[in-house]
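Visitor: Can you read through this structure? Questions will come right after.
The values are calculated or read from the model by the stated rules, or taken from the named source; none is laboratory data. For clarity, every value in this text was computed on a predicted model and none was experimentally measured. Glycine also receives a Cβ, built like all others from the backbone with ideal geometry; neighbour counts cover every protein chain displayed. Only protein heavy atoms, including side chains, enter the accessible area calculation; ligands, DNA and RNA are left aside. Shrake-Rupley method; radii C 1.70, N 1.55, O 1.52, S 1.80 Å.
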Amino acid sequence: MKSIKLSLIAALATTVCTNISANSLQEALTNGKVSAEFAVTYETRKQDKEISKYYQDTAYSVGSFALKYETEKWNNLSLTAKFRAYKTLFEDDDKSITSTGKGDASERFYKTGSEKDIDAEELFLAYDLNNLHIKAGRQFISTEWINKTQDAISLYYDINNTSIEAIWSSRHGRVYARDYRPMTHINKENGGVYKLGVTQKISDKLFVKAYGLTAPSLKDIYGGKINYKNSINNIKFGAMAHYADLNEDDTNLQDSNILELKTFATINGYTATLGYVQIDEDAAFNHIAGETIIPFEEGDQMFLKDAKTTYAMLSKSFGKLNLTALYGITDYEKDFDKDEFNLWAGYKFNKNLTLNVGYALTNEDNKDANTTDLNQLNATLVYSF
């Protein structure tokens, strides 16, 4: 898949050289749009017992300011730049040593050596046609096994009833109001990770997708997904089946596989979802650039060997308020089981001010010495303008 990276770079370079002129570039920059946001996030986490740097009590608040600039589209080209600066506002213990740094806030706002308090959230060049979309640079991606903030080149192309996605990513992390994890290399010695996916529209109700992902000399993932959606009167419903094989290049690691099943129904604004995820009984499913399967705030055991997770979720919007409740049980490594309850609430005060609150409660297996029950509350207030 190395040819994907090279062809995408060539396509972008050709487009830029062919179309850009000084006058039009100046106009695109002058007519660009600036936006910004202030955010404050708070989180408190308590465990029944502190058994590690990860499983320990923490409480903190972090503020951030993000500034975004988007050029006007010109000859289908545009540039987006968004930077976010962070400032720790409060830590219950600013000397605690977490799994990623010093101070309670480093539980989610990682520190590597000295604190890095400003980073690019988005920084990409885009080329858009009706059926072709290309981005090169730092961007948010959400697809199978490539998720969150990525330093990447992505291409999406639609032709008739076929959709193609081609992605190359070299680094991934998280740069958000509630989470900051500095970008880290993916498969640095062998060129990152490549993905090619093809989705075929069988009908208005049925879609089939096949994809392959490779991190050369490290691992490969091949998978397929079937999506079905329908509606009868005021009832919407659907189902999804997803299977993937993980092939490890390291002979010391075992290959694995994953099965994901999901069904949903929406009635009178209530959406109910049932899901099931199963991992190979002999080996964990170790991905490297993110995932889109875990529905929980935690869900730490879902990809362990022989893990079987069943969950139910219910969502409903009440005017400016939206609520989602989730409960699930995971059986893993033959002898252990845990359950988790999540509750999320979002409230939009007006077009500029929003509040999101999340609560997580895990009931871990007492026989598993590596875990302990967890109780977590977070809240994030964002003012955008």
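Visitor: Run the dipole for the stretch 324-372 about the Cα centre, Lys and Arg Cβ at +1, Asp and Glu Cβ at -1, nothing else charged, and hand back the magnitude in debye, nearest 20.
Guide: 600 debye
Visitor: A further question on this structure: Quick check for me: using +1 on Lys/Arg Cβ and -1 on Asp/Glu Cβ, what's the dipole size of the stretch 241-378 about its Cα centre, in debye to the nearest 20?
Guide: 1440 debye
Visitor: Restricting the count to DSSP beta bridges whose residues both fall in the stretch 113-182, what percent are antiparallel, rounded to a multiple of 5?
Guide: 100 percent
Visitor: Would you kindly state how much longer the chain becomes between Asp249 and Lys46 on full extension, computed as 0.36 nm times their sequence separation minus their alpha carbon distance, in nm to one decimal?
Guide: 69.2 nm
Visitor: Sticking with this one: Rounded, prolate or oblate, given the Cα gyration tensor of the chain, with a/c below 1.5 counting as rounded?
Guide: Because its axes are fairly even, with a/c under 1.5, the chain counts as rounded.
Visitor: Among residues other than Pro295 whose Cβ falls under 12 Å from its Cβ, what is the net charge (Lys/Arg +1, Asp/Glu -1)?
Guide: Taking every Cβ under 12 Å from that of Pro295, the sum is -4.
Visitor: At 1.4 Å probe radius, can you tell me the per residue accessible area of the stretch 28-135 in Å²? Can you show the working numbers first?
Guide: Details: 5590 Å² over 108 residues.
Solvent-accessible surface per residue comes out at 52 Å².
Visitor: What accessible area per residue, rounded to a whole number of Å², is obtained for the stretch 203-295 using a probe radius of 1.4 Å?
Guide: Roughly 52 Å² per residue, with all protein chains present.
Visitor: Residue farthest toward the positive end of the dipole of the chain, with Cβ of Lys/Arg at +1 and Asp/Glu at -1: which of Thr330, Asn161, Gly269?
Guide: Asn161
Visitor: Give me the 1.4 Å probe accessible area per residue for the stretch 321-385, excluding ligands and nucleic acids, in Å².
Guide: 52 Å²
Visitor: Please work out how much length the chain gains when fully extended from Asp57 to Asn363, using 0.36 nm per residue of separation minus the C-alpha to C-alpha distance, in nm with one decimal.
Guide: Values: separation 306, 0.36 × 306 = 110.16 nm, distance 1.60 nm.
Working it through step by step, the gained length comes to 108.6 nm.
Visitor: Using 7 Å Cα-to-Cβ label points, what is the Gln26/His133 separation (nm, one decimal)?
Guide: 3.3 nm
Visitor: So how far apart, in nm, are the two label points at Lys236 and Thr162 if each is 7 Å from Cα heading toward Cβ?
Guide: 2.9 nm
Visitor: Highest GNM mean-square fluctuation, the chain, Cα pairs closer than 10 Å: which of Trp168, Trp74, Trp344?
Guide: Trp74
Visitor: On to the next question. Which order do the peptides 81-90, 363-372, 134-143 come out in when sorted by mean C-beta neighbours inside 10 angstrom, highest first?
Guide: For the peptides 81-90, 363-372, 134-143, the packing ranking is 134-143, 81-90, 363-372.
Visitor: Could you work out how far apart the two model spin labels at Val198 and Lys351 are, taking each label as a point 7 Å from the Cα in the direction of the beta carbon, and quote it in nm?
Guide: Using points 7 Å along Cα→Cβ, the separation is 4.4 nm.
Visitor: How would you rank 41-52, 294-305, highest first, on the average number of other Cβ atoms within 10 Å across their residues? Can you show the working numbers first?
Guide: Values: 41-52: 16.2, 294-305: 19.4.
Top to bottom by mean Cβ count within 10 Å: 294-305, 41-52.
Visitor: Going by average Cβ density within 10 Å per residue, which order do the peptides 92-99, 265-272, 150-157 take, highest to lowest?
Guide: 150-157, 92-99, 265-272
Visitor: What percentage of the solvent-accessible surface of the chain, computed with a 1.4 Å probe over protein heavy atoms, is contributed by carbon and sulfur atoms?
Guide: About 55 percent, which is the carbon plus sulfur part of the accessible surface.
Visitor: Which residue, chosen from Tyr180, Ala360, Ile294, occupies the Cα position most advanced towards the positive end of the dipole of the chain, where the dipole is computed from +1 (Lys, Arg) and -1 (Asp, Glu) charges on Cβ about the Cα centre?
Guide: Tyr180
Visitor: Separate question: Distance check, please: which entries in Lys46/Lys308; Lys316/Lys348; Lys195/Lys338 exceed 22 angstrom between their Cα atoms?
Guide: Long pairs (Cα-Cα over 22 Å): Lys46/Lys308; Lys195/Lys338.
Visitor: What is the dipole size for the chain, taken about its Cα centre, with +1 at each Lys and Arg Cβ and -1 at each Asp and Glu Cβ, in debye to the nearest 20?
Guide: 1700 debye
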